[in-house]
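The values are calculated or read from the model by the stated rules, or taken from the named source; none is laboratory data. This is a predicted model, so every value here is computed, not measured. Heads up, the Cβs are rebuilt from the backbone with ideal geometry, glycines too, and the neighbour counts pull from every protein chain shown. In case anyone asks, the SASA skips ligands and DNA or RNA and just uses the protein heavy atoms, side chains included. Shrake-Rupley method; radii C 1.70, N 1.55, O 1.52, S 1.80 Å.
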Amino acid sequence: MPPRDEPFAPDAPSGKDSAASADGAKPSGDIAALAKGGRTNFIGFILRLAARLPFLFIAGRLYGAESLGRFAYAILVVEFAAQLATLGLKRGLAAQLARTSRPHAQVVADGLLVSFIASAAAATLLMVFPELMFPNSTAGEIDRLLPLIIFAVAGSDIALAALAYRFDIAATVRARSVIEPWTISITAWIFFYLTPTDGLILSYIASMVAAFVASIWPLLRSYGMPWGWNPRPMKLARMARRNSPLAAADAIEWGSRRLDLAVLGLFASPAVVGIYYIAQQVASLPQKLKTSFDPILGPVITRNLQEGKLTEIARQVSQVGFWIIAAQTGVALALGIPGEGVMGLVGPNFVGGTGALAFLLAAEVVAATAAVSETALVYIARHRNLMISLAMLALQAVLSVVLILTAQALGLPPLFQAASVALALALALGFASIVKARLLSKLLGAPVNGWRWALVWAAAVASLVGWGFTKLPEWAELAIGIPTILGVYGWIIWRRGFGPEDRELFRNKKGGGD
């Protein structure tokens, strides 16, 4: 018998399913809410794309691949520590708020406090042992202060999760898609002329502080001050323990997208790591489409679990899964087909990372099913989900090392090692997608599948069109080819793949339901 305050007691469904809305003809209120949240975040994705590309250009052209490699490894360690410091509350906070009778402002304050305690422990460790962040170089004074930013990163994540529970997705868009990327782009350019050695680190610190302020301000406006709040140490300890599977799942999912960089850093030079980092940053842009739905999908799933609507959850996961796969495939084609031109924008010496970029973009597409399935599994089968994620991470690590050693044994150029870890990531994520979708389908007693054949036809036609543009000058390939690929792909998906509920994603209703 699980503890009384377990977020959702069953590790498998009870069998009761009161969802009567499987007829599919009329979009439900939850689907409309998911569509509205995804629509808002898709705008945020476009804004983030427009702001992130200048940073990649500035970092590649001004700072160079070697400085980028050093920066990338340090940020990798700091963000992993911040991920752990959230203690699973990015997703677990929705469950805390859904089942409590306490004022929500006090619950959020508890979450922020326990996260700050964990952040203090992580920051102290990294400040005492800076070589964990800079294994191949000496840490300067600014570098040693970098771990303090963990407080801002973790605090911002929890504040935005609390706002998402109230369907305030616009706050996430402002903080993550406008303020954070534009701050790092602008300050990276300014700091290069003031202190080129520390410019990238300082610009990252500035962007995270700006995002934290942009997260806390709307949180205070929405929830108000936690009047009458008294910290409860034992309750905080139970919260941390209860969320440990969520924290581990979040850390593993996050780690799966960084393990490739960590493994590569053990075998390759900082310059190769820097080139791979650029490819990773470009490829991670489609990933933001998946995370766009996380803040809104989590609360919807928790509410339906409380009501026993298991079939409804399967329908929602499949629906959102298709939206994400469709969008990520289109973006992957638009960035991958003219990949040499995209990487060349950062600098001529980055073109060698095109192979890695192609595998990373493919990985984002195959990862969509696992990521969306996990959004439900973390509530109804947390421990089994954790085991699958650990198996995936182990598989990725083994494949990465084997493929890198194979490339070295064959005498292939160093950048083939970068492509090797990207291929290992794609294969591991494909394994996780199959296993997690099958498990969720079994637990919910309903099919979970975001795949539709229209994706194949749309991708085939868009690829043919894109191949034609690769024969043109690079400026035309990028300026005309990318929008054309997206346009052709989108038109086919709209005509052949979208049904009434899919079109809800693009319907801007006023005064509509949830």
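Computed quantities for the displayed model
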read-out: Estimated inter-spin distance, THR484 and MET387, nm [label 7 Å along Cα→Cβ]; value: 5.2
read-out: Accessible area in the full protein assembly, largest first, 1.4 Å probe, for SER67, SER373; value: SER67, SER373
read-out: Solvent accessible area, Å² - TYR277, 1.4 Å probe, full protein context; value: 20
read-out: Value of relative contact order over the range 285-443, rounded to a whole percent, pairs C-alpha under 8 Å and six or more apart; value: 28
read-out: Length released on extending from ALA460 to ALA476, taking residue separation times 0.36 nm less the Cα-Cα span; value: 3.7 nm
read-out: Using θ = phi - 60° and Karplus 6.51 cos²θ - 1.76 cosθ + 1.60, couplings along the range 299-314 (whole Hz; Gly, Pro as x); value: x, 5, 5, 4, 5, 5, 5, 4, 9, x, 8, 6, 5, 5, 5, 4
read-out: By accessible area with a 1.4 Å probe, ligands and nucleic acids excluded, highest first: order of ARG52, ARG438, ARG61; value: ARG438, ARG61, ARG52
read-out: Estimated vicinal HN-Hα couplings, Hz - the range 370-377 in sequence order (Karplus 6.51, -1.76, 1.60; Gly, Pro = x); value: 5, 5, 6, 4, 5, 4, 8, 4
read-out: Cβ-defined net charge surrounding GLU477, 13 Å radius [Lys, Arg +1; Asp, Glu -1]; value: -1
read-out: Listed residues THR302, THR172 arranged by accessible area, highest first, probe 1.4 Å; value: THR172, THR302
read-out: Vicinal HN-Hα couplings computed from phi for the range 187-202 (Karplus, 6.51 cos²θ - 1.76 cosθ + 1.60; Hz; Gly/Pro x); value: 6, 4, 5, 5, 5, 4, 7, 9, 8, x, 5, 9, x, 5, 5, 5
read-out: Neighbourhood net charge (13 Å Cβ-Cβ; Lys/Arg +1, Asp/Glu -1) for ALA210; value: +1
read-out: Net charge contributed by nearby residues that have their C-beta within less than 15 Å of GLY341 (K/R +1, D/E -1); value: -2
read-out: Centre separation in Å (Cα based) which lies between the range 107-134 and the range 369-436; value: 27
